[in-house]
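Report on the structure given below.
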Amino acid sequence: MWQAVYADPSVPLDRALVRQIINDQRRLSRRWLYPIARIVSRVLVALISIVKRVLPFRWMPLHTMDVLCVWFLRRFVSPDAVDLLIRHFVVETNLVNFIIRNTPVDMEPVTLRPEALSGLGDQAVVEHDVNVYDVLIALDDVPLVKPETLDFSQLDVPPLDAERGRRRLLRLDIQTALCFMNIPFSMALTVEEYRRAVHSIRFDDSFLEILALVTDDDTFRHWKLAGMSLWMDSNVDVPRMVYRHALVCEYAHARLVKLAGGAYPRDTAAAFD
């Protein structure tokens, strides 16, 4: 199965990145712990949401949430999974900035491009979501047409420091890690802030449509899920949605790299078992 997934010619990603994603999904924690963590996370977050409607105050400072999440990533999550998480922040910023640079919006490019695990602190998760809203609001009444010349600058992903030399007690996969991290996230944010953060993922289809119009390339539309931004519902499997969101961003980013004339190399490592 894994060899077929790796060889799938429809996947536009760098083969080394595909191998990294597959290796993460093949971790024992993904097979045995994730199904349990997924249920526990959903139940706890639902209970927290209910109680917070009765006690509507911030239970945890955002700084504390950042510290807890970074500590958790350093001690309990595999370096490859941490690398994928840091990479997502860079990739999504690249997509947002591509739209800003290729449309007449009155907005400066965003600067959230962490290169190290420590960069995920300082409310990076909140800033990451707000950037999505800011660019969509800035696009109000802006014509979405392909410019005469597309600006493909800053599509690079710099070397990332996942602190591979640090001793870890566990090496969880990224999906299991997201389940556990969603709990302090729901505690630190107010009900409306959490709802806003979850809803930001529903704009994936919107971004794909914008990229299709700006580049005049229908390929972006192939990855839509028919997710409607008008559907206001935060009672969802957040870690699962976040994981798919990260993959969609990677697909869209890889397509932009190809349109820019770049090409991802083949991975020459041995085939999967």
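Once the piece of chain linking residue 228 and residue 67 is laid out straight, how much longer is it, given 0.36 nm per residue of separation minus the C-alpha distance between them?
54.6 nm is the gain from fully extending residue 228 to residue 67.
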Restricting to Cα pairs under 8 Å and 6 or more apart, the percent relative contact order of region 25-260 works out to 32 percent
Computed for region 71-118: size of charge dipole around the Cα centre, +1 on C-beta of each Lys and Arg, -1 on C-beta of each Asp and Glu, debye to nearest 20, value 180 debye
Averaged per residue, the 1.4 Å probe accessible area of the chain, protein heavy atoms only, in Å², is roughly 51 Å²
Toy charge model, Lys and Arg Cβ at +1, Asp and Glu Cβ at -1: the chain dipole around Cα centroid in debye, rounded to 20, equals 1540 debye
Of every hundred units of 1.4 Å-probe accessible area on region 25-260, the number belonging to carbon and sulfur atoms, as a percent, is 59 percent
With region 92-149 reduced to its Cα atoms and the Debye formula applied, log10 I(q)/I(0) at q = 0.13, 0.14, 0.15, 0.16 1/Å amounts to -0.37, -0.42, -0.48, -0.53
Quick calc, region 18-165, dipole around Cα centre from Cβ unit charges on Lys, Arg (+) and Asp, Glu (-), nearest 20 debye, gives 1280 debye
Per residue, the convex hull enclosing the alpha carbons of the chain has a volume in Å³ of 139 Å³
Residues whose built amide H sits under 5 Å from the amide H of residue 172, excluding neighbours closer than 5 in sequence, are 77, 78
Diffing region 158-166: the Karplus 3J(HN,Hα) column from phi (6.51, -1.76, 1.60, θ = phi - 60°), in whole Hz with x for Gly and Pro, holds x, x, 10, 9, 8, 6, 5, x, 7
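The values are calculated or read from the model by the stated rules, or taken from the named source; none is laboratory data. Everything quoted here is computed from the prediction, not taken from an experiment. When we count neighbours, we look across all protein chains shown, and the Cβ atoms used for this are built from the backbone with ideal geometry, even at glycine. With ligands, DNA and RNA removed, areas are computed over all heavy atoms of the protein, side chains included. Shrake-Rupley method; radii C 1.70, N 1.55, O 1.52, S 1.80 Å.
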